[in-house]
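Peer 1: Got a structure for you, questions after.
Just so you know, all these numbers are worked out from the coordinates, no wet-lab data involved. Note that the coordinates shown come from a computational prediction; the quantities given were computed from them, not determined experimentally. Don't worry about glycine lacking a Cβ; one is built from the backbone with ideal geometry, like all the others, and counts go over all protein chains shown.
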Amino acid sequence: MIISICCSCENESIDTYVATPSPIKIPQLFEKNILAPVIPLDNPQTVEGIALGKKLFFDPILSIDNSQACANCHDPKLAFSDSDRFSNGVDGVFGNRNTMPLFNLAWNFDEKFFWDGNTFSLEHQAFIPVTDDIEMKNTWAEVERRLQQHSEYPKLFKQAFNTSLIDSILITKAIAQFERTLISANSKFDNYLLGNTTLTQEELNGFNVFMDEAKGDCFHCHGSDKNPLWTDNIFHNNGLDENFNDLGLGAVTGDPADNGKFKSPSLRNLEFTGPYMHDGRFATLDDVINHYSEGLKNSSTIDPLMKKVNQGGVGLSDDDKTNLKAFLLSLSDYEFISNIDFILE
Amino acid sequence: MKNFIPIFLICLLVMMSCSKDNDDKVQKTQANITFNFSHNWDGTAVTNTDFNTIKYINANNDQLRIDRLRYLISNITFTTSNNEEFVLSGYNLVDVTNNENLSFTPINLIPTGTYTNVKFTFGFNNEDNSKNYLDLNSTSWFVPKMLGGGYHYMQFDGKFINASEDEQGFNYHAIRAVDNPGVNPTFPQNTFFEVNLGEVTLFNDATFNIEMNIAEWFKNPKKWDLNVLNQMLMPNSDAQIMMFENGQNVFSLKSINQ
């Protein structure tokens, strides 16, 4: 036993380096209303890890021809989304899903990522694009080799993870740490809830349309003043198609009852994240509102929460539509899209 | 010395196992309580594997399917013959859709002995309903302020074959009944309710097996016509009161394991 204690003391003296903790700053409304963010025990937030993740996020070194970084499709000015319906990869080939925006990802409590929830955890999510044939088309062995031979990265990994030996696990851990810092919580509506500002009558009326089960009934899937994420992060068929070209969740679970279901996206920052839906079919917010008002298509898996499907939807009045749009735009967080912590210097 | 160590360990083991036997024989003074929730349709078991397929017929002869079912229970209370109440802390959101929280073990214990009644609340009483619950907010269980705020008691969503022979959605969402939705809503009557399970004598940790007969939501005393009452029922206080009335016969105590 004495020998064992001596050994452990010796180890501690050799290996005392720890990166600088950098806990997530939880916004006031989040702290007041929803559960704590999900931070894996084996990947705590650190100053050095976040900085490394940010550098990797903006570095095209991850792609096979050094042409594409994560930020190419996840533009900070667009709340880390892409203004194109589909994003093209290193060969100019386009994917078949609209790029999802990136914010408040640490509050995705079920940790299912992508439109169809095919990947568990943010760390695993970061694995996918690097080797995807359409996206970065690289191999992890090649990425590891390049970073290992790089003039800066070995030192940065040493600072972040106390090892200069770079591997894919540490790379994705760093990227995930950076992504968890992408917190959007400073919209006009947030400030209204905090008592810092007032809403226009149009915006207030729009919020009522949003919360009214007989009108918008948006709150069942898209949050409320009690859930500042503005999404339930759950998968629904929201009546886009009678027949499905893309099975969504159904292709992941193999359950036909999940066909045509996709994750409810957050309604924060809609002003910057168009086009909309998993396939970017709607160019404008008006198109989206019109869809729910009179464009619903019936199918076997359409969510029962979709109202009056046989009539195409709830049939909002023009005033309701205008007000609803005004409210939705009050969820825009201009500070988020210009935050220098999220932009490559 | 070599022989002494194994003999000593064996003796120690025997002593420890004797001690365990003695512990088991001691009369328990405090019991852990577990509530298990299972579901049936007029006696036929229902699990989430039965969802998403039209396979049930309600009392009004509407053919229907279940797509989503989750409900809240709270305030499990044990009452003694002296009317002393022991309330188990916490609440439980039973999520049949995802097979989650079908078993609930509150953290505090109940003294063993005889109780004249055990009950739980379907939903929240009005006081509890006015509080803020981070976990329930996170799972979109809230009710809009214009409808009185607070939380759902139940979300029961599905589809039925309507009079035009089309599949149509229904949202049987139970909340606190509300009139005059808007800035100053009013409440015609309470629509949470207590489920009384009767007398019990606790002498050990106990598991209460609770059954919900889903068909009862449509049956007794009000026969429910889904062609009339299907969606947008949250602002409909008459519908909420009907849910409250039909809910009285939904739950039953199947058995207690001790």
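Peer 1: With the crude spin-label approximation of a point 7 Å out along Cα→Cβ, what separation in nm comes out for A:Glu294 versus A:Ala214?
Peer 2: Reported label-point gap for A:Glu294 and A:Ala214 is 2.1 nm.
Peer 1: Next up: At 7 Å along the Cα-to-beta-carbon direction for both A:Ser151 and B:Thr53, put a label point, then send me their distance in nm to one decimal.
Peer 2: 6.6 nm
Peer 1: Right, here's the next one. I need the Kirkwood Rh of the protein assembly as shown: take the reciprocal of the average 1/r across all distinct C-alpha pairs and report it in angstrom.
Peer 2: Values: mean 1/r = 0.0367 Å⁻¹.
By the Kirkwood definition, the hydrodynamic radius is 27.2 Å.
Peer 1: Could you give the spread of the C-alpha atoms of segment B:43-105 along their three principal axes, from largest to smallest, in whole angstroms?
Peer 2: On the principal axes, segment B:43-105 reaches 48, 26, 16 Å in Cα extent.
Peer 1: Next up: How large is Rg over Rh for segment A:95-151, taking Rg from the Cα atoms and Rh as the Kirkwood inverse mean of 1/r across Cα pairs? Show your work: numbers first, answer last.
Peer 2: Numbers: Rg = 13.5 Å, Rh = 13.0 Å.
My calculation of the ratio gives 1.04.
Peer 1: Could you give P(r) for segment A:67-166, binned at 10 Å from zero, as whole percent values over all Cα-Cα pairs?
Peer 2: Answer for segment A:67-166: a P(r) of 14, 38, 37, 12, 0 percent.
Peer 1: On average, how many beta carbons from a partner chain sit within 10 Å of the beta carbon of a residue in B:143-153?
Peer 2: Details: counts 5, 11, 6, 5, 3, 0, 2, 0, 1, 1, 0.
The shielding value for this peptide is 3.
Peer 1: On C-alpha positions alone, give me the angle between the axis of helix B:237-247 and the longest principal axis of chain B, in degrees, nearest 10.
Peer 2: The helix B:237-247 is inclined about 40 degrees to chain B.
Peer 1: Can you give the charge dipole size of chain A about its Cα centre, rounded to the nearest 20 debye, using +1 on the beta carbon of Lys and Arg and -1 on the beta carbon of Asp and Glu? Display every interim value, and only then the final one.
Peer 2: On the way: 27 positive and 50 negative charges, 63 e Å.
So the magnitude is around 300 debye.
Peer 1: Skipping prolines and chain starts, which residues have an amide H placed within reach, meaning under 5 Å, of the one on A:Gly248, given they are 5 or more residues away or on another chain?
Peer 2: Answer set, sorted by chain and number: A:Gly260.
Peer 1: Sort B:Thr121, B:Thr201, B:Thr80 so the one with the fewest other Cβ atoms within 10 Å of its own Cβ comes first.
Peer 2: Values: B:Thr121 19, B:Thr201 11, B:Thr80 14.
Final ranking by Cβ density, sparse to dense: B:Thr201, B:Thr80, B:Thr121.
Peer 1: Largest first and to the nearest Å, give the Cα extent of segment A:208-257 along each principal axis.
Peer 2: Extents along the principal axes, in whole Å: 36, 21, 14.
Peer 1: Could you state the principal axis extents of the C-alpha atoms in chain A, from the largest down, to the nearest angstrom?
Peer 2: Over chain A, Cα extents along the principal axes are 76, 47, 44 Å.
Peer 1: Could you order the peptides B:135-148, B:226-239 from most to least packed, using the average number of other C-beta atoms within 10 Å per residue?
Peer 2: On the way: B:135-148: 21.1, B:226-239: 19.5.
Highest mean packing first, the order is B:135-148, B:226-239.
Peer 1: Provide the three semi-axes, in whole Å and in decreasing order, of the ellipsoid equivalent to chain B as defined by the square roots of 5 times the Cα gyration tensor eigenvalues.
Peer 2: Numbers: eigenvalues 376, 95, 61 Å².
Over the Cα atoms of chain B, the ellipsoid semi-axes are 43, 22, 18 Å.
Peer 1: Compute the Rg to Rh ratio over segment A:2-183 from the alpha carbon atoms, using the Kirkwood formula for Rh, and round to two decimal places.
Peer 2: 1.02
Peer 1: Kindly write out, for segment B:52-69 in residue order, the coupling ³J(HN,Hα) from the Karplus curve 6.51 cos²θ - 1.76 cosθ + 1.60 (θ = phi - 60°), rounded to whole Hz, with x marking Gly and Pro.
Peer 2: Running phi through 6.51 cos²θ - 1.76 cosθ + 1.60 with θ = phi - 60° gives 6, 10, 5, 8, 10, 10, 8, 4, 8, 6, 7, 7, 8, 9, 9, 9, 8, 8 Hz.
Peer 1: If you don't mind, another one. Net charge near B:Pro111: determine it from the other residues with C-beta under 14 Å of the C-beta of B:Pro111, scoring Lys and Arg +1 and Asp and Glu -1. Write down the numbers at each step before the final one.
Peer 2: Details: positive: B:Lys28; negative: B:Glu84, B:Glu85, B:Asp205.
Within the 14 Å Cβ shell, the charges total -2.
Peer 1: Here is a further query. Which lysines have a Cα less than 29 Å from the Cα of A:Lys55, not counting those fewer than 8 places away in the same chain?
Peer 2: Partners found: A:Lys25, A:Lys77, A:Lys112, A:Lys137, A:Lys155, A:Lys158, A:Lys173, A:Lys263.
Peer 1: Follow-up. Please report the net charge: other residues with Cβ closer than 11 Å to the Cβ of A:Trp115, K and R +1, D and E -1. Present the calculation step by step, with values, prior to reporting the outcome.
Peer 2: Working: positive: A:Arg97, A:Lys112, A:Lys261, A:Lys263; negative: A:Asp116, A:Asp246, A:Asp279.
Local net charge: +1.
Peer 1: Taking the convex hull of the alpha carbon atoms in segment A:170-313, what volume per residue do you get, in Å³? Before the final figure, lay out the partial values.
Peer 2: Numbers: hull volume 20.0 nm³, N = 144.
Value for segment A:170-313: 139 Å³ per residue.
Peer 1: With r defined as the distance between the Cβ atoms of A:Asp287 and B:Ser103 and R0 fixed at 45 Å, what FRET efficiency is calculated, to the nearest 0.05?
Peer 2: On the way: r = 45 Å, r/R0 = 1.01.
After rounding, the FRET efficiency stands at 0.50.
Peer 1: If R0 is 56 Å, what FRET efficiency do you get for A:Ala251 and B:Asn204 from their C-beta distance, rounded to 0.05?
Peer 2: Details: r = 49 Å, r/R0 = 0.87.
About 0.70, to the nearest 0.05.
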